[in-house]
Amino acid sequence: MIIGLVGKANTGKSTFFKASTLADVLIANYPFATIDPNKGFAHVRIDCVDKEFNTQCNPRYGYCINNQRFVPFELIDVAGLVPGAHEGKGMGNRFLDDLRQADVFIHVVDASGSSNEKGEPVEPGKYDPVFDVKFLEFELDMWVLSIIKKGWDKFARQVQQEQSDVVLALAKQLSGLNIKEEHIKKALSNLSFSKEQLISWAEEDLHKLAVQLRLLTKPMVIAANKIDVHSAKENIERLKKAFPNHIIIPCAADAELALREAAKKNFIKYLPGDSKFEIIGGLSPKQRLALEFIQKKILDVFGSTGIQQILNTAVFDLLGAIAIFPGGVNKLADKDGNVLPDCFLLPKNSTAIDFAYHLHTDLGKNFIRAINVKTKMSVGKDHMLKHRDVVEIITRK
């Protein structure tokens, strides 16, 4: 799965990306500091199952500290968008195309109101971030609409003449946006469109379809960034009032980055998502004051920097993903002795056979049954897996 960071320029997207991945990226206080998309691995945080088995896991990917497992997924950060991006302004078409395969968007908004619609710095509180949410959703809708409209007349006539299945035809036509048959079915059902009259759909109908498909295929969480600035509190309340159906989570990307960097250098003990940290030495007086500020003004007030909460929300709440561990009833370690070395993020409603194929095609083809390692109960191929299940696959020899 791929999570895309979106937003206008100069909202802290690159800082959010670096705080989430510790990748080496350019962070600058001006528009278009990012041109080529940054790609890296962020992590969701879950309670590890190793505690339930009274053991210590050894992850091959990600890491586990104090029975908290951090499972990797791909995060992509594209350049900031500007009004008119869908028309190509500010290299908008290129940046939007970088997001085609994203499953979820994290919209990083400058909640302090200290950057205008172009991403240029202004006095904190001088700009209303409500406009940023409206602008971005408009640009995304128009982007999807432009893709739908491309060759629409010819496509509609061909479907009509050949009496093709409209759902299959549309899914194939829009597969580049990661749109699937179930999305088309749901969108058409929500709009009560007549599939038989495809050729008669007006541009207004196509626009409605674009909005529906964007909502269904690119769900979004709003990361209300820069909460340490005095003007952010009022703006966050304004955002919640303007968008009651949106998930809006306050965050401080720069604070998370500072904590992650300090932990990496062994100055502090800190786990992403925690409400406090422990200083273990090596800090200058200036560094100590900066960290104390983060504790008092951010962690004590909001409970965390918000970054880990946003990542978990995107993966588990919006996508409904589940984390599954491969393991054996009699042996949790692999051939090298690593205990519970793997943990995989699977789509919601995944079954035992889905997991087998995810691990390896041969495991899926030769599947006999699976075993829930926690309960030691055998389950069939259609058994629905649950978050944090440990599963052993039994195959034909």
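Since every read-out is calculated from the coordinates, none of them should be taken as a lab result. Nothing here was measured: the structure is a model prediction, and the numbers come from that model. Virtual Cβ from ideal backbone geometry, glycine too; neighbours counted across all protein chains shown.
Please give every one of the lysines within straight-line cross-link reach of LYS149, meaning a C-alpha to C-alpha distance under 17 Å, and leave out same-chain neighbours fewer than 8 residues apart.
Those lysines meeting the cut-off are LYS172, LYS195, LYS208.
My understanding is that a pair violates if its Cα-Cα distance is over 29 Å; which of LYS134/LYS154; LYS186/LYS386; LYS18/LYS233; LYS18/LYS240; LYS118/LYS180 do that in this structure?
Long pairs (Cα-Cα over 29 Å): LYS134/LYS154; LYS118/LYS180.
Separation of segment 148-184 and segment 331-346 by C-alpha centroid, Å?
42 Å
Zone of LYS51 (label point 7 Å along Cα→Cβ, backbone N under 15 Å): which residues in segment 324-340?
none
Take each uninterrupted DSSP H stretch in the chain, measure its Cα extent along the helix axis, and return the ones at 18 Å or beyond whose mean Kyte-Doolittle hydropathy is at least 0.0.
Span-like helices, by this rule, are 130-149.
Compute the FRET efficiency between VAL329 and PHE41 as 1/(1 + (r/R0)^6), taking r as their Cβ-Cβ distance and R0 = 22 Å, and round to the nearest 0.05. Mind dumping the intermediate values first?
Numbers: r = 31 Å, r/R0 = 1.40.
About 0.10, to the nearest 0.05.
Quote the relative contact order of segment 148-213 in percent (integer), defining contacts as alpha-carbon pairs under 8 Å separated by 6+ residues.
Across segment 148-213, relative contact order equals 38 percent.
For the chain, what is the relative contact order in percent, using Cα pairs closer than 8 Å and at least 6 residues apart in sequence?
Normalised by residue count, the contact order of the chain is 16 percent.
May I ask you to list the residues of segment 379-396 whose amide nitrogen lies under 14 Å from a point 7 Å from Cα along the Cα→beta-carbon direction of HIS360?
Of the residues in segment 379-396, 393-396 have backbone N under 14 Å from the label point off HIS360.
Tell me, what is the percent relative contact order of segment 329-395, built from C-alpha pairs under 8 Å that lie six or more residues apart?
Numbers: 88 pairs, mean separation 20.8, N = 67.
Normalised by residue count, the contact order of segment 329-395 is 31 percent.
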